[in-house]
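Undergrad: Mind looking over this structure? Questions follow.
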Amino acid sequence: MVILMEMDASEQQVAEVGRVLSGFGLEARLVGGGRKIMCDAGVVQDPVLDALGRLPGVHRVQRVGRPYVLAGKECAEGNTVVRVGRATIGSGAVTVIAGPCAVESRDQLLDTARAVAASGAKVLRGGTYKPRTSPYSFQGLEQRGLELLAEAAAATGLATVTEVIDEQSLEAALAHVDMLQIGSRNMQNFHLLRAVGRAGKPVLLKRGMSATIEEWLMAAEYILSAGNEQVVLCERGIRTFETYTRNTLDLSAVSLVKTLSHLPVIVDPSHATGRPELIAPMSRAAVAAGADGIIVEVHVNPKEALCDGKQSLEPAAFAGLMAEVGTVSRALGRAI
Ligand code: PEP
Ligand code: MN
């Protein structure tokens, strides 16, 4: 249920709505900037709806016919803008996140960070706790990697994002990075979603590789309902029968989610395609489809990378990508 207050509703009127709701055993959250909006995710009976609609200061009470409420467009005044360090995602400009799949060494990270910053990226990515398919693959530098991310941020002014895989890595990451990534494999780790919901840092929520759009938005609902409104959705390709690409980039999901939710949506063409030659065309298409940004894997020496080298761009190719994405962004009247 969403309760839209009148534009000039007073604090007392909002408080009264809150009191009446709690009398019905409901707990609404106040959201929205200009217009105050109360949202409650529970099932609400008709008489309750009517009673709320008659309260002074209430403009309209609306039942939401979807399982997600806080993530839905109705529950916000305009689109959410997420602040990540000095960067913003969702403000209308195209935000580019770039960096290696995994943090491997000081030189690798700092060289990559300087290169992507010089080309116009605003956020540095780098995994230090890697959820790998094989237990024998490189698992990440963990705490040391987090320290290197903080050092790279200080050296370049870039904001940082890293994946957290459990409460221990979340606790460790909090002191070192600006944004927490929930990977595809953990999109429905509800315990972890609640934990990042309480963490007070922006969250990059990747779509599960076999998740429906509704499951993805319900995962966002977990984070929002735990008190964290700074959520960015990331389409990273879904599993299909196709084998020539690593996954299948679902660009229609990007445009659709922009109509369903107020949350920013970005695209990861690296994991979606697994092929460096497809990263530029899919990035151009992502911006044209309405994505708020892209996240791209870049490595100073992809051949030697310990993780996802095959899909990583070298810095020169990344500079070319930025020029192409810039052209499309400007054609759409968007800054980059
Ligand atoms: C990653 O970003 O390196 C990653 C593991 O992505 P995903 O969770 O989308 O597979
Ligand atoms: Mn990767």
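Undergrad: Any idea which of A76, V116, G99 is furthest toward the positive side of the dipole for the range 16-126, if Lys and Arg beta-carbons carry +1 and Asp and Glu beta-carbons -1?
TA: Ranked along the dipole, the leading option is V116.
Undergrad: Any lysines with Cα under 18 Å of the K122 Cα? List them, leaving off those in the same chain fewer than 8 positions away.
TA: By straight Cα distance, K122 reaches K201.
Undergrad: Continuing with this model, one more query. What does the convex hull of the Cα atoms come to per residue for the range 1-56, in Å³? The partial results should precede the final answer.
TA: Numbers: hull volume 3.7 nm³, N = 56.
Dividing the Cα hull volume of the range 1-56 by its residues yields 67 Å³.
Undergrad: In addition: Rounded to the nearest 20 debye, what is the charge dipole size of the range 48-176 about its Cα centre when +1 sits on each Lys and Arg Cβ and -1 on each Asp and Glu Cβ?
TA: Values: 14 positive and 13 negative charges, 121 e Å.
Around 580 debye, computed over the range 48-176.
Undergrad: Can you give me the long-range amide H partners of V84? Hydrogens built in the peptide plane at 1.01 Å from N, cutoff under 5 Å, separation of 5 or more residues or another chain.
TA: Those qualifying (amide H under 5 Å, at least 5 residues apart or on another chain) are I89.
Undergrad: Could you size up the charge dipole of the chain around its Cα centre, putting +1 on the beta carbon of Lys and Arg and -1 on that of Asp and Glu, and report it in debye to the nearest 20? Write down the numbers at each step before the final one.
TA: Numbers: 34 positive and 36 negative charges, 82 e Å.
Value, rounded to 20: 400 debye.
Undergrad: Here's something else I'd like to know. Through the Karplus equation 6.51 cos²θ - 1.76 cosθ + 1.60, θ set to phi - 60°, convert the phi angles of the range 70-79 into ³J(HN,Hα) values in whole Hz; use x for Gly and Pro.
TA: Running phi through 6.51 cos²θ - 1.76 cosθ + 1.60 with θ = phi - 60° gives 5, 7, x, 4, 4, 8, 7, 9, x, 7 Hz.
Undergrad: Next question, about the same structure. What value, in deg cm²/dmol to 500, does the helix sum -39500 (n - 2.57) over DSSP H runs of n ≥ 4 give at 222 nm once divided by the residues of the chain? Display every interim value, and only then the final one.
TA: Details: 11 runs with 124 residues, N = 336.
About -11500 deg cm²/dmol.
Undergrad: Rounded to the nearest 0.05, what FRET efficiency do Y244 and A51 give with R0 = 45 Å and r taken as the Cβ-Cβ distance? Could you check? Before the final figure, lay out the partial values.
TA: Numbers: r = 58 Å, r/R0 = 1.29.
Here the calculated transfer efficiency is 0.20.
Undergrad: Could you tell me what percent of the DSSP beta bridges with both partners in the chain are antiparallel, to the nearest 5? Could you put the intermediate results ahead of the total?
TA: Details: 15 of 42 bridges.
Restricted to the chain, the bridges split so that about 35 percent are antiparallel.
Undergrad: In the chain, if the dipole is taken from +1 on Lys/Arg beta carbons and -1 on Asp/Glu beta carbons about the Cα centre, which of T212, P315, S225 is farthest to the positive end?
TA: In the chain, that residue is P315.
Undergrad: Once the piece of chain linking A150 and A319 is laid out straight, how much longer is it, given 0.36 nm per residue of separation minus the C-alpha distance between them? Kindly include the intermediate steps, with their values, before the conclusion.
TA: Numbers: separation 169, 0.36 × 169 = 60.84 nm, distance 2.34 nm.
Stretched fully, the A150-A319 segment lengthens by 58.5 nm.
Undergrad: Quick check on the range 35-133: take the gyration tensor over C-alpha atoms, sort the square-rooted eigenvalues as a ≥ b ≥ c, and tell me if it's rounded (a/c under 1.5), prolate or oblate. Spell out each step's value before the answer.
TA: Numbers: a/c = 5.20, a/b = 2.64, b/c = 1.97.
Because a/c hits 1.5 or more and a/b exceeds b/c, the range 35-133 counts as prolate.
Undergrad: Take the alpha-carbon positions of the range 183-336, form their convex hull, and give its projected area averaged over all directions (one quarter of the hull surface) in nm².
TA: Numbers: hull surface 37.7 nm².
Value for the range 183-336: 9.4 nm².
Undergrad: Can you give me the distance in nm between label points at Q62 and L30, each placed 7 Å from the Cα along the Cα-to-Cβ direction?
TA: That separation, rounded to one decimal, is 2.1 nm.
Undergrad: Moving on. Does the chain come out rounded, prolate or oblate by the C-alpha gyration tensor, with a ≥ b ≥ c the root eigenvalues, rounded set by a/c under 1.5 and, if not, prolate when a/b is larger than b/c and oblate if not? Spell out each step's value before the answer.
TA: Numbers: a/c = 2.06, a/b = 1.87, b/c = 1.10.
In terms of gyration-tensor shape, prolate.
Undergrad: Order these peptides, 298-309, 282-293, 233-244, by their mean beta-carbon neighbour count within 10 angstrom, highest first. Mind showing how you got there, number by number?
TA: On the way: 298-309: 18.7, 282-293: 22.2, 233-244: 16.8.
My ranking of the peptides, most packed first, is 282-293, 298-309, 233-244.
Undergrad: Using a basic spin-label model with each label point 7 Å from the Cα along Cα→Cβ, how many nm lie between F138 and K303?
TA: Modelled inter-label distance: 1.6 nm.
Undergrad: Treating only the Cβ of Lys, Arg, Asp and Glu as charged (+1, +1, -1, -1), what charge dipole size does the range 252-336 show about its Cα centre? Round to the nearest 20 debye. Walk me through the intermediate numbers first.
TA: Working: 7 positive and 8 negative charges, 57 e Å.
The dipole magnitude comes to about 280 debye.
Undergrad: Given L26, A9, G85, which one lies farthest toward the positive end of the charge dipole of the range 1-95, if we put +1 on the Cβ of every Lys and Arg and -1 on the Cβ of every Asp and Glu?
TA: Selected residue: G85.
Undergrad: Only counting other Cβ atoms within 10 Å, I'd like S270, S252, S134 sorted with the fewest neighbours first. Display every interim value, and only then the final one.
TA: Values: S270 29, S252 11, S134 7.
Result, fewest neighbours first: S134, S252, S270.
Undergrad: Sort I37, I336 by Cβ crowding within 10 Å, fewest neighbours at the top.
TA: Working: I37 22, I336 17.
The most exposed by this proxy come first: I336, I37.
Only the coordinates and a few stated rules stand behind these numbers; no lab work does. Just so it is clear, the structure is predicted and the values come from calculations on it, not from any experiment. We place every Cβ from the backbone using ideal geometry, glycine too, and count neighbours over all the protein chains shown.
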